[in-house]
Amino acid sequence: MLQGFSSITELPYVEKFDHFEVVESTNTYAKSLKAFPQQGMYIILSDIQTAGRGQRGNSFFSHIPGGLWVSIVCPVDDISCHFRYNRAISMAIYDILHEKAPDTCCAIKWPNDILCNQKKICGILLETSRHSKNHLIIGFGLNLNNRTCLFPPDIAAVATTLSDETGDNVSLEEILAGVVENFYRNIHLDSSLLHQLYCKRLYGVGMMIALGEQQGIFEGVLDDGRLCLKKDGMTLYFSSGPMRVIGDQPCL
């Protein structure tokens, strides 16, 4: 295990922190755990992932250093309320990006991505543990000081990094500490207030979208995480699926 990132271990709600040079996937590592934090969070960070994972079994490119490849193992009261944690981490990452790059156009793309200037800068993956029904694994990959010129061409066409957008590098330790602090604040914030803030930062609301084989107007997201799609005078509800905006989305 590597040293560094001391500011993370100083946070009172972080019970354990491990920093690796290389792992297959921080979420895969977290799913193998048999001992869990009792009160606080367990943060797992790796400089490189050899087999990063995303939604619906997709791979997540994290073979080079410069980003944050992280899993947070978090005790939860009710695993069925997992969207509360999805919303909390989405807002935590959105807010730190907006703070560090206020001139860029950031947005939350339902259900699990963060966009910067309409390109993917972060992916989120929430999973349950094999060995505990009282813990949730909140994984995220955030492109920061890595560069898309080193990405495979198909990924470089749709992804971006904070360094690409601003021309500057940032402190990975500072960003991680900010995300963890924001996340902790968000899971203890009034749920209705946080949901209002979340909805204001959603990508594509009010626009025509495609979701699987369905197309309609994106009306918003309910407090339980379901997307509302208006089609032929009816509202359809979706819990997951790849969402694509049809047409140009204005900057928030």
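What shape does region 64-164 take by its C-alpha gyration tensor, where a ≥ b ≥ c are the square roots of the eigenvalues and a/c under 1.5 counts as rounded, a/b above b/c as prolate, and the rest as oblate? It is prolate, given that a/c is not under 1.5 and a/b is the larger ratio. Running a GNM on the chain with Cα contacts under 10 Å, which residue among Asp168, Asp223, Asp18 ends up with the highest mean-square fluctuation? Of Asp168, Asp223, Asp18, the Gaussian network model singles out Asp168 as fluctuating most. Where a ≥ b ≥ c are the square roots of the eigenvalues of the C-alpha gyration tensor, would you call region 141-252 rounded, which needs a/c under 1.5, or, failing that, prolate if a/b is larger than b/c, or oblate? It comes out oblate by the Cα gyration axes. For region 37-52, backbone phi angles converted through the Karplus equation (6.51, -1.76, 1.60; θ = phi - 60°) give residue-by-residue couplings of x, 8, 10, x, 9, 10, 9, 10, 10, 10, 5, 9, 10, 8, 8, x Hz, Gly and Pro being listed as x. Contact order for region 1-92, expressed relative to its length and based on alpha carbon pairs under 8 Å spaced 6+ residues apart, stands at 25 percent. Each Cα pair under 8 Å and six or more residues apart adds its separation to the average, and for region 94-210 the resulting relative contact order is 22 percent. Measuring nothing but protein heavy atoms, the accessible surface of region 122-252 at 1.4 Å probe radius is 51 percent carbon and sulfur. Taking all protein chains into account, the per residue accessible area for region 1-159 stands at 44 Å² (1.4 Å probe).
Where Lys and Arg each count +1 and Asp and Glu each count -1, what net charge lies around Gln39 among other residues with Cβ under 13 Å from its Cβ? List each step's numbers first, then the result.
On the way: positive: Lys16; negative: Glu15, Asp77.
Every neighbour counted, the sum reads -1.
Secondary structure note: in region 1-120, about 60% of the DSSP beta bridges are antiparallel.
Sequence gap at least 6, Cα distance under 8 Å: using those rules, report the relative contact order of the chain to the nearest whole percent. Mind showing how you got there, number by number?
Working: 515 pairs, mean separation 41.7, N = 252.
For the chain, the relative contact order is 17 percent.
Accessible area ranking (1.4 Å probe, heavy atoms, ligands and nucleic acids excluded), largest first, for His131, His19: His131, His19.
For region 149-158, the Karplus equation 6.51 cos²θ - 1.76 cosθ + 1.60, evaluated at θ = phi - 60°, returns couplings of 5, 9, 7, x, x, 5, 7, 4, 6, 10 Hz by residue, with Gly and Pro reported as x. Of all the options Ile43, Ile89, Ile217, the one that moves most in a Gaussian network model of the chain with Cα springs shorter than 10 angstrom is Ile217. Between Glu174 and Tyr237, the simple label model (points 7 Å from Cα in the Cβ direction) yields a spacing of 4.4 nm. The order of Arg147, Arg201 by accessible area, most exposed first and with a 1.4 Å probe, is Arg147, Arg201. Of all the options Ser25, Ser171, Ser240, the one that moves most in a Gaussian network model of the chain with Cα springs shorter than 10 angstrom is Ser171.
In debye to the nearest 20, how big a dipole does the chain give about its Cα centre with +1 on each Lys and Arg Cβ and -1 on each Asp and Glu Cβ? Working shown, then result.
Details: 21 positive and 27 negative charges, 143 e Å.
In total the dipole reaches around 680 debye.
The values are calculated or read from the model by the stated rules, or taken from the named source; none is laboratory data. Predicted model, so just to flag it, every value in this text is computed and none were measured. All Cβ positions, even for glycine, are placed from backbone atoms using ideal geometry, and neighbour counts span all protein chains on display. Heads up: the accessible areas ignore ligands, DNA and RNA and are worked out on the full protein's heavy atoms, side chains in. Shrake-Rupley method; radii C 1.70, N 1.55, O 1.52, S 1.80 Å.
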